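Colleague: Structure below; questions to follow.
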Amino acid sequence: MLAGLLFALHEAEDRPGTLAATLPFAAATLIEYQARLLVACDAAQIVVVVARVTPELSGALARIARRGVAVDAVETAADALARLHPLARVVMMADGLVTTEGVVHALAGEGGDALLVVPGAQAAPAFERVGGGAAWAGVARLDARRIAEAARLPDDYDLQSTLLRAADQAGARHISLRIDDMALGHGIERRASALEERGRAVLSASMAVRPSWFERLVLRPLARAVIPLIARRGIGTPACAAAAGGAALLGLGALAAGAPATGMMVTLAAVLLAEIAGALALFRDEPLLLRVSRALVAVAPALAALLLGQAVDHDAATTSARLLALGAVIFAGVGERAAGAAPRRVWWGTPPGYLALLALATLFGWPSLGLGLVAAYAAVTLVVAVEWLRRVT
């Protein structure tokens, strides 16, 4: 059984009275992000060491519990020992630690005590020194016996440091932190301003799953700018998803009413908002809202293209625009299925990208040309993806 041991003790350096663990980070709070990494490694229990429970911390712990793990707030090692399973593998993360899922996964496996370390000469000031000229990089795998050893000491000992020393003296294995993990923002941070910047980097990295030009040029910069504001204001994912759905209905309604330029731009805004809602849902572990957001991102561009073709043909008394729209939707839909099994190239099309091109063409008064270009673009993406699949099968 895997259990997580987190700490919410230190105040933010630039926000007196606020715990560093409850500072906004990547659409939630830092401690929620830490818990998310542990849950991704199949942790069944999370114990949080606290000195006081603030309203922000209480809310964060309640949201962590909704992810299906047992959550306990404790003040001493004896309390932690009483909550933890005696055979649990404990992954301890430092107060204020920012890291990645890969780092936590490397420490969450089977085995005895292990410490993530960096050379002492390269260590940040917040990294505690351990034996062998190394410094602890904020993640450790502990045997539950280390908690028992700490419980026998006076309560005024610093529990995090005590556990670290106990593991090191017991011969814990040292696992070196990779340079590329440092480049991804691994470190201990207790300043709100610096955490916000690290959160933007994490959000940007999370959107690299589909590295298309649209995600790189539009979505990632938008997410880096907007999501921290949403987190600071405490705006919920349901509100963002509902706003995206409402905007999509307005945009599609405008298209149906014969206002193509307005309808396309509003629908594009709705899709961007749905992408933001999906990123929020991903970091807040809200799978239903994530599925809803992704469905809106896929369906709204298709409906917009079909309604645009209908509007163009209605004015011109032809059927060519409708045929182009239908072809674009078919090519794009099949292309998305094929591209899902292939390594996506930067230039390949995606539904939001198709919609953006179509919205720009419509805004400049060339809706038929836009439909033709999008249909051709989707067809080329489909052909290349299918050819790649043929080569590997």
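Colleague: Would you check which residues across region 65-77 are surrounded by 15 or more Cβ atoms within 10 Å (Cβ to Cβ) and under 21 Å from residue 163 (Cβ atoms) and list them?
Modeller: 69, 71, 72, 73, 74, 75, 76, 77
Colleague: Going through region 95-114 one residue at a time, which ones are of a type in the set (Gly, Ala, Ser) and farther than 13 Å from residue 6 by Cα?
Modeller: Result: 102, 106, 108, 109, 111, 112, 114.
Colleague: Still on this model: So, of the residues in region 294-315 that are open to solvent by less than 30 Å² (accessible area, probe 1.4 Å) and not aliphatic (A, V, I, L, M), which turns out to be nearest to residue 240 (Cα to Cα)?
Modeller: Among them, the one singled out is 301.
Colleague: Here's another thing I want to ask about it. Across region 123-156, which residue is most open to solvent (accessible area, probe 1.4 Å) among those that are of a type outside the set (A, V, I, L, M), touching a residue at least 12 places away in the same chain (Cβ under 8 Å) and out of contact with any Phe, Trp or Tyr (no Cβ under 9 Å at 6 or more places or on another chain)?
Modeller: That would be 155.
Colleague: Which numbered condition in (1) surrounded by 14 or more Cβ atoms within 10 Å (Cβ to Cβ); (2) hydroxyl-bearing (Ser, Thr, Tyr); (3) farther than 21 Å from residue 267 by Cα is the only one that residue 318 fails?
Modeller: Going through (1) surrounded by 14 or more Cβ atoms within 10 Å (Cβ to Cβ); (2) hydroxyl-bearing (Ser, Thr, Tyr); (3) farther than 21 Å from residue 267 by Cα one by one, residue 318 breaks only (1).
Colleague: Right, something else. Condition first: open to solvent by 10 Å² or more (accessible area, probe 1.4 Å) and either closer than 29 Å to residue 324 by Cα or out of contact with any Leu (no Cβ under 8 Å at 6 or more places or on another chain) (or both). Now tell me which residues in region 266-288 satisfy that.
Modeller: Across region 266-288, the qualifying residues are 266, 268, 269, 272, 273, 275, 284, 285, 287, 288.
Residues are listed down the side, and each one gets a yes or a no for (1) assigned to a helix (DSSP H, G or I); (2) within 17 Å of residue 295 (Cα to Cα); (3) hydroxyl-bearing (Ser, Thr, Tyr):
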| site | (1), (2), (3) |
| --- | --- |
| 217 | yes, no, no |
| 224 | yes, no, no |
| 240 | yes, yes, no |
| 243 | yes, yes, no |
| 253 | yes, no, no |
| 262 | yes, no, yes |
| 273 | yes, yes, no |
| 278 | yes, yes, no |
| 281 | yes, yes, no |
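Colleague: Right, another one. Given the condition within 13 Å of residue 351 (Cβ to Cβ) and in contact with a helix residue (DSSP H, G or I) (Cβ under 7 Å, 6 or more places away or on another chain), answer yes or no: does some residue in region 286-295 qualify?
Modeller: Within region 286-295, one or more residues are within 13 Å of residue 351 (Cβ to Cβ) and in contact with a helix residue (DSSP H, G or I) (Cβ under 7 Å, 6 or more places away or on another chain).
Colleague: Pairs please, first residue from region 22-46 and in contact (Cβ under 8 Å) with a residue 24 or more places away in the chain, second anywhere and aromatic (Phe, Trp, Tyr) and in a strand (DSSP E or B), Cβ atoms under 7 Å, 6+ apart in sequence or on different chains.
Modeller: 33/25
Colleague: Whether any residue in region 89-97 is more than 18 Å from residue 283 (Cα to Cα) and open to solvent by 10 Å² or more (accessible area, probe 1.4 Å) is what I want to check.
Modeller: yes
Colleague: Tally time: how many residues in region 78-88 are without any contact (Cβ under 8 Å) to a residue 24 or more places away in the chain and surrounded by 15 or more Cβ atoms within 10 Å (Cβ to Cβ)?
Modeller: 1
Colleague: For region 173-183: of the residues being modelled with pLDDT under 90 and surrounded by 14 or more Cβ atoms within 10 Å (Cβ to Cβ), which is nearest to the chain's Cα centre (by Cα)?
Modeller: 181
Colleague: So, one more: Any idea which residue in region 184-220 is modelled with the highest pLDDT, counting only those that are out of contact with any strand residue (DSSP E or B) (no Cβ under 6 Å at 6 or more places or on another chain), farther than 25 Å from residue 340 by Cβ and open to solvent by 30 Å² or more (accessible area, probe 1.4 Å)?
Modeller: It comes out as 191.
Colleague: Another question, then. In region 331-345, which residues are assigned to a helix (DSSP H, G or I) and touching a residue at least 12 places away in the same chain (Cβ under 8 Å)?
Modeller: 331, 332, 333, 334, 335, 336, 338, 339
Colleague: Which residues, taken from region 346-393, are of a type in the set (Ser, Thr, Tyr) and either touching a residue at least 24 places away in the same chain (Cβ under 8 Å) or open to solvent by less than 10 Å² (accessible area, probe 1.4 Å) (or both)?
Modeller: Of everything in region 346-393, those that are of a type in the set (Ser, Thr, Tyr) and either touching a residue at least 24 places away in the same chain (Cβ under 8 Å) or open to solvent by less than 10 Å² (accessible area, probe 1.4 Å) (or both) turn out to be 350, 354, 362, 368, 377, 381.
The values are calculated or read from the model by the stated rules, or taken from the named source; none is laboratory data. Keep in mind it's a predicted model, so treat the numbers as computed, not measured. As a convention, Cβ positions derive from the backbone with ideal geometry for all residues, glycine included, and neighbour counts pool all protein chains shown. Keep in mind that these areas ignore ligands, DNA and RNA; they rest on the heavy atoms of the full protein, side chains included. Shrake-Rupley method; radii C 1.70, N 1.55, O 1.52, S 1.80 Å.
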